Amino acid sequence: MQKNWVSGFPRIGEQRELKKALEAYWSGKSDFESVETTAKTLKKRHWKYQKESGIDYISCNDFSLYDTMLDMAVTLGAIPQRFAHLQDEKLYFAMARGTQDAVAMEMTKWFNTNYHYIVPELSPADSYKLDATKIINEYKEAKEAGITPKINIIGPLTFLALSKRVDRGDTFELYDKILPVYAEMLKVIGTLDDTVVVQIDEPIFVKDVTPKELSLIKPTYEKLCNAAPNVKVAIQTYFESAVEAAKVFVHTPIWAIGLDFVYGEENLEVLEELAKSDKVLIAGVIDGRNIWKSDIEKKKELLEQIAQKFPKERIIVATSCSLLHVPYTLKYEEKMNSEIKSWLSYALEKLDELSLLSKLFFDAKLNEIEQALLASNQAACQSRKNSTLIHDKKVQERVQKIDKWERAERFEDRIKVQHEVLRYKPLATTTIGSFPQTQEVRQARRDYKSGAITEEQYKQKMREYIDECVACQEECGLEILVHGEPERNDMVEYFGEQLKGYGFSQNGWVQSYGSRCVKPPFIYGDISRPKPMTVEWITYAQSKTEKVMKGMLTGPVTILNWSFVRDDMPRSEVSKQIALAIADEVDDLQKAGIKIIQVDEAAFKEGYPLKNSKIPEYESWAVRDFKLAVSPAYKQTQIHTHMCYSEFNDIIKTIEAMDADVISIETARSGNELLKVFAKSDYKQEVGPGVYDIHSPRIPSVGEIVTQIKLLLEVLPKEQLWINPDCGLKTRKWEEVIPSLKNMVEAAKKVRGTFH
Ligand code: GLN
Ligand code: ZN
């Protein structure tokens, strides 16, 4: 009897082989054949790993050269017109990345992860047609490798819900065109073997589902299951509970349903109802999204709790979601503190956990090797509970004793004093923080890290960059200056490296989209700031100018949302500790004479829960901790924040409640339509809507920016408006930045000239 299940495996390769192969091909350095060879090797290797670990249900078609949503669009023949003349890999990569004359398809966040998928584009004029080549090939490849795989596909309801219509219509209107192609697909799958297991991902049902989506479950899955009676359909959900949908799925002919018991505790409530049916339960209990070692005994208890409500013989033990969201293997982590390393588990280690857990749960009798594994697992969990690396009394006591959660004065009173001190005019000009990260700057950071240059030499190079940066801003005529952030490789990593309780991996790469990977730092212990993190740079920069120098920090919520976070404490508590560390930095900066401090919350929106009912809780601590981070600010210290979005419609009151004196946002690409919400909601603080797009190398003209500012003035009064680019300039070149900023300053002056 088969008992354990992995929902999906990462594909980029443990040494990022696929990334390298793709990028070599894209840049013309190799041909497509070498990409295919790499892909084959990786698939084989990943199947082998899973088989050797004792995994029963192993996937195929979880592999992708770019993205599985894109794969599904191609399988269904959902090809936007502008790519219709292309074929095969040319077509595929054009859809993902665009060509000279066809823009790439849109990309967006996959639920609440940092993975991004390609958004399928549908049009009522299209007709769809099955191309099951990839599915068939991967199935055969797996068979050749000695595996009888399950086949992973994205379900029709999730596909429709996450697609967009070019004419902005409702994608579900195309249901009648799409569903027959899915039915056809299942028929084809049914011809591959005597019986075939298909994992159909329908994660859309963990969000707040509409009655329409729910009502489609029955007709859809009746049709799909009947299309091929020898195909066993397993519905897979993840990242949250799917109680409502599960109640409907029981009444369809599916074989199994996968529920997440790590991030969807509420799923426990639906078990009794599921038990009454004949369905199999795929119980996601091994965390597929975080890097901590599972406490196997605890996981066994969870399974027993499930088994009290649901027959044990119909349970399959599984990962909570695809392992796509964690790095590959700890075997390349050579530099990591060995105690910390013993607490971690990446994809490969999770396979072993899953295998051991299912053994323990179903058989109870472990052999000697397994017993040793279990003992070492328990020892690691015990060490994590007590380690002084994690538990810092001082931090815990400080958190207990917080008595000042926010600034003492109201915005209305602060802003008056700030205007007296800072004396800036309406339409004050500034930038978001970073300036071009040149080859030289990157090299200097690398050399310092590797020990090739001394600390003093490194600092000298950074100071030279800051000098240039200040001189450039003065030449451009900007009013509020920044130091340019040359010392930062990344806005989270820079702070993480200086905070106690933060860890870094050497090879902890996770796919973000396409060939792009990120290596998130991880929070393992109580967070504190041993010493100031930015004060030396910012005060140096201030000493080089008469103008006001804006200090630059990353906010607690963003630091949290872009890290792997410890799972032995609520996120809201971790966030609070980070906020205290940032608060110390705010205080040190102002004491050192810095009058404006920007606390970036670029990833504030990333942390939003999938279910609306959970939003108020998130917002309450996220806002609390931003305010806590800036709570030491004197009334005359002006606090700015920056966010990389323009969609504030739903959250404007929350943004206002963060109580920053000034917020800069990303509006350049979306026009000022979205800005109206600031006016409509009587938003009182000052706002800097980006007046030009920094994502493009294009230099905006004075005229264009004047027009943009005038549009902004139709929405917000001049007293409330700041003028700035829409994000940091680090990815741009100096040749682009200087003329753009000059034009921006010139445009602000021109518009000011029209005021009386
Ligand atoms: N201060 C940061 C910078 O300018 C902000 C980056 C961001 O918003 N992502 O680079
Ligand atoms: Zn930004």
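The values are calculated or read from the model by the stated rules, or taken from the named source; none is laboratory data. On a predicted model such as this, the values are computed, not experimentally measured, just so you know. We place every Cβ from the backbone using ideal geometry, glycine too, and count neighbours over all the protein chains shown. Accessible surface areas use protein heavy atoms only, side chains included; no ligands, DNA or RNA. Shrake-Rupley method; radii C 1.70, N 1.55, O 1.52, S 1.80 Å.
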*What is the residue count in segment 350-389 for residues that are within 20 Å of Leu303 (Cα to Cα) and either basic (Lys, Arg) or open to solvent by 40 Å² or more (accessible area, probe 1.4 Å) (or both)?*
11
*Applying the selection to segment 631-662, what residues are among the small types (Gly, Ala, Ser) and more than 16 Å from ligand 1 (Cβ to nearest atom)?*
Ser631, Ala633, Ala657
*Of all the residues that make up segment 390-399, how many are touching a residue at least 60 places away in the same chain (Cβ under 8 Å), in a helix (DSSP H, G or I) and open to solvent by 60 Å² or more (accessible area, probe 1.4 Å)?*
3
*Working only within segment 60-95, note down all residues that are surrounded by fewer than 19 Cβ atoms within 10 Å (Cβ to Cβ) and either within 23 Å of the chain's Cα centre (by Cα) or part of a loop (DSSP other than H, G, I, E, B) (or both).*
Gly77, Pro80, Ala84, His85, Leu86, Gln87
*Residues in segment 122-133: is at least one in contact with a Cys (Cβ under 8 Å, 6 or more places away or on another chain) and either closer than 22 Å to Pro10 by Cα or surrounded by 20 or more Cβ atoms within 10 Å (Cβ to Cβ) (or both)?*
no
*Being buried (at least 17 other Cβ atoms within 10 Å of the Cβ) and not in a helix (DSSP H, G or I) is the filter here, so list the residues in segment 453-473 that pass it.*
Ile453
*asked:* Filter segment 627-650 down to the residues that are away from ligand 2 (no atom under 16 Å from the Cβ) and open to solvent by less than 30 Å² (accessible area, probe 1.4 Å) and list them by number.
replied: Leu628, Ala629, Val630, Ser631, Ala633, Thr637, Gln638, Ile639
*Within segment 410-425, work out how many residues are assigned to a helix (DSSP H, G or I) and open to solvent by 90 Å² or more (accessible area, probe 1.4 Å).*
2
*Can you tell me which residues in segment 220-265 are in a helix (DSSP H, G or I), in contact with a Ser or Thr (Cβ under 9 Å, 6 or more places away or on another chain) and open to solvent by 60 Å² or more (accessible area, probe 1.4 Å)?*
Glu222, Glu265
*Go through the residues of segment 52-59 one by one and say whether even a single one is farther than 23 Å from Lys19 by Cα and in a strand (DSSP E or B).*
yes
*Could you list, in sequence order, the residues of segment 486-540 that are open to solvent by 20 Å² or more (accessible area, probe 1.4 Å), within 16 Å of ligand 1 (Cβ to nearest atom) and in a loop (DSSP other than H, G, I, E, B)?*
Asn489, Asp490, Met491, Pro520
_Please pick out the residue among Leu716, Leu675, Leu721, Leu741 that is surrounded by 15 or more Cβ atoms within 10 Å (Cβ to Cβ) and within 16 Å of ligand 1 (Cβ to nearest atom)._
Leu741
_Out of everything in segment 724-738 that is within 16 Å of ligand 2 (Cβ to nearest atom) and open to solvent by 50 Å² or more (accessible area, probe 1.4 Å), what residue ends up being modelled with the lowest pLDDT?_
Thr731
*Assuming Ile402 fulfils every condition listed in (1) touching a residue at least 24 places away in the same chain (Cβ under 8 Å); (2) open to solvent by 80 Å² or more (accessible area, probe 1.4 Å); (3) part of a loop (DSSP other than H, G, I, E, B) apart from one, which condition is it?*
(2)
*Taking Arg407 as the residue in question, decide whether it is surrounded by 13 or more Cβ atoms within 10 Å (Cβ to Cβ) and within 24 Å of Trp722 (Cα to Cα).*
yes
*Pick from segment 474-485, criterion in contact with a Ser or Thr (Cβ under 7 Å, 6 or more places away or on another chain) and open to solvent by less than 30 Å² (accessible area, probe 1.4 Å), ranking: farthest from Thr558 (Cα to Cα)*: Leu478
_Selection count, segment 596-624, where residues are within 16 Å of ligand 2 (Cβ to nearest atom) and either over 14 Å from Pro556 (Cα atoms) or acidic (Asp, Glu) (or both)_ = 3
*Out of segment 1-45, which residues are touching a strand residue (DSSP E or B) at 6+ places or on another chain (Cβ under 7 Å), more than 30 Å from Lys300 (Cβ to Cβ) and not in a helix (DSSP H, G or I)?*
Ile12, Arg16
_Residue check for Asp568: surrounded by fewer than 19 Cβ atoms within 10 Å (Cβ to Cβ) and within 16 Å of ligand 2 (Cβ to nearest atom)_ = no
*asked:* Can you go through Lys331, Lys359 and tell me which one is under 26 Å from the mean Cα position of the chain (by Cα) and either touching a residue at least 40 places away in the same chain (Cβ under 8 Å) or part of a helix (DSSP H, G or I) (or both)?
replied: Lys331
*Inspect all residues belonging to segment 544-561 and state whether any of them is among the hydroxyl-bearing types (Ser, Thr, Tyr), touching a strand residue (DSSP E or B) at 6+ places or on another chain (Cβ under 7 Å), within 16 Å of ligand 2 (Cβ to nearest atom) and touching a residue at least 40 places away in the same chain (Cβ under 8 Å).*
yes
_Of all residues being closer than 20 Å to Gln598 by Cβ and under 20 Å from the mean Cα position of the chain (by Cα) in segment 610-624, which is farthest from ligand 1 (Cβ to nearest atom)? Just the residue, please._
Val623
*Return yes when Ser701 is more than 16 Å from ligand 2 (Cβ to nearest atom), hydroxyl-bearing (Ser, Thr, Tyr) and closer than 23 Å to Ile594 by Cα and no when it is not.*
no
*Of all residues in segment 666-707 being within 27 Å of Ile415 (Cβ to Cβ), under 29 Å from the mean Cα position of the chain (by Cα) and of a type in the set (Val, Ile, Thr), the one that is modelled with the lowest pLDDT*: Thr667
*asked:* If the requirement is being away from ligand 1 (no atom under 13 Å from the Cβ) and more than 25 Å from Thr545 (Cα to Cα), which of these qualifies: Ile480, Ile453, Ile466?
replied: Ile453
*Sort out which residues of segment 424-479 are within 16 Å of ligand 2 (Cβ to nearest atom), closer than 13 Å to Val737 by Cβ and of a type in the set (Ser, Thr, Tyr), and write them in order of number.*
Thr431, Ser434
*Just wondering, is there one or more residues in segment 196-210 that are more than 28 Å from Ile79 (Cα to Cα) and without any contact (Cβ under 8 Å) to a residue 40 or more places away in the chain?*
no
*Hits in segment 587-612 (condition: open to solvent by 30 Å² or more (accessible area, probe 1.4 Å) and either under 13 Å from His640 (Cβ atoms) or without any contact (Cβ under 8 Å) to a residue 24 or more places away in the chain (or both))*: Lys591, Lys595
